[in-house]
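Everything on this sheet refers to the single structure shown next.
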Amino acid sequence: MGQAPANLDSVCVFCGASDAADPALLTAAADLGRALAAADLKLIYGGGGVGLMGACAVAAHQAGGRVLGIIPHFLKEKERRLDVVETITVTSMHERKMMMFEQSDAFVVLPGGIGTLEEVVELLSWRRLDLHAKPVVFYNADDFWAPLFALFQHTVDQKLTPPDFMKSWISVSSIEDVVPALTAGAPAPAVAESMSGVT
Ligand code: AMP
């Protein structure tokens, strides 16, 4: 596992909060947590102890990694806030998403439900508007994200989205490939600084 470049210190993980997910996905989430810790990348995540997000955060923490959870007050019980890691409590979903964005140099998207979809679509829409150049890496286990990529392509085919939008993310099919993909996708520091327009 190579070391991340200097301009890549923190990685936000968007992923499902369901404990009923396929155990293989929960294992993959834990593997990612350990991979981030091994690369000394700080995990920024939704602050809960459930589903893939809990598995990823607990594994990163147990491997000695840095972890920051960001959770809205009203979800602290429902998503079983993790007490063992640094956690910031916010007032709303919007505040959570904005803080997760601001705190993160790059993003990883694991399989998830409607919440994960909402988060990543907003992130990619900001990318489409050139509001940021932060790398976005999808863990496309068993083609989980293929229907979403096909929908994006459909909007391109219909001339509703520019073709180069399809270059806005990197898709990998194994967890070992995630950190190298983040490293490869990290913009040069000068570019990163000039694209900090999301406020
Ligand atoms: P899900 O993929 O539906 O399991 O949700 C994954 C995570 O996304 C959960 O922690 C949700 O609380 C979170 N989430 C859902 N909608 C939003 C939103 N609009 N803003 C921020 N987080 C959200």
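The values are calculated or read from the model by the stated rules, or taken from the named source; none is laboratory data. This is a predicted model, so every value here is computed, not measured. No Cβ is skipped: glycine too gets one built from the backbone with ideal geometry, and neighbour counts run over all protein chains shown. With ligands, DNA and RNA removed, areas are computed over all heavy atoms of the protein, side chains included. Shrake-Rupley method; radii C 1.70, N 1.55, O 1.52, S 1.80 Å.
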task: Could you list, in sequence order, all residues of segment 8-45 that are open to solvent by 60 Å² or more (accessible area, probe 1.4 Å) and under 14 Å from the mean Cα position of the chain (by Cα)?
output: ASP9
statement: Checked ASP142, ASP164, ASP130 against criteria (assigned to a loop (DSSP other than H, G, I, E, B) and either more than 15 Å from the chain's Cα centre (by Cα) or within 16 Å of the ligand (Cβ to nearest atom) (or both)); the one match is ASP130
Hits in segment 46-70 - residues which are farther than 20 Å from ALA141 by Cα, out of contact with any Lys or Arg (no Cβ under 9 Å at 6 or more places or on another chain) and open to solvent by less than 10 Å² (accessible area, probe 1.4 Å): none
query: Quick check, is VAL58 aliphatic (A, V, I, L, M) and within 20 Å of LYS134 (Cβ to Cβ)?
result: no
task: Keeping to segment 142-160, report how many residues are open to solvent by 90 Å² or more (accessible area, probe 1.4 Å) and within 24 Å of ASP31 (Cα to Cα).
output: 2
field: Residue list for segment 17-32, filter: more than 13 Å from the ligand (Cβ to nearest atom) and not acidic (Asp, Glu)
entry: PRO23, ALA24, THR27, ALA28, ALA30, LEU32
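Per-residue answers, yes or no, for (1) surrounded by 13 or more Cβ atoms within 10 Å (Cβ to Cβ); (2) among the aliphatic types (A, V, I, L, M); (3) in contact with a Gly (Cβ under 7 Å, 6 or more places away or on another chain):
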{"site": "THR91", "(1), (2), (3)": "no, no, no"}
{"site": "LYS97", "(1), (2), (3)": "yes, no, no"}
{"site": "MET100", "(1), (2), (3)": "yes, yes, no"}
{"site": "SER104", "(1), (2), (3)": "yes, no, no"}
{"site": "ASN140", "(1), (2), (3)": "yes, no, no"}
{"site": "PRO162", "(1), (2), (3)": "no, no, no"}
{"site": "ILE170", "(1), (2), (3)": "yes, yes, yes"}
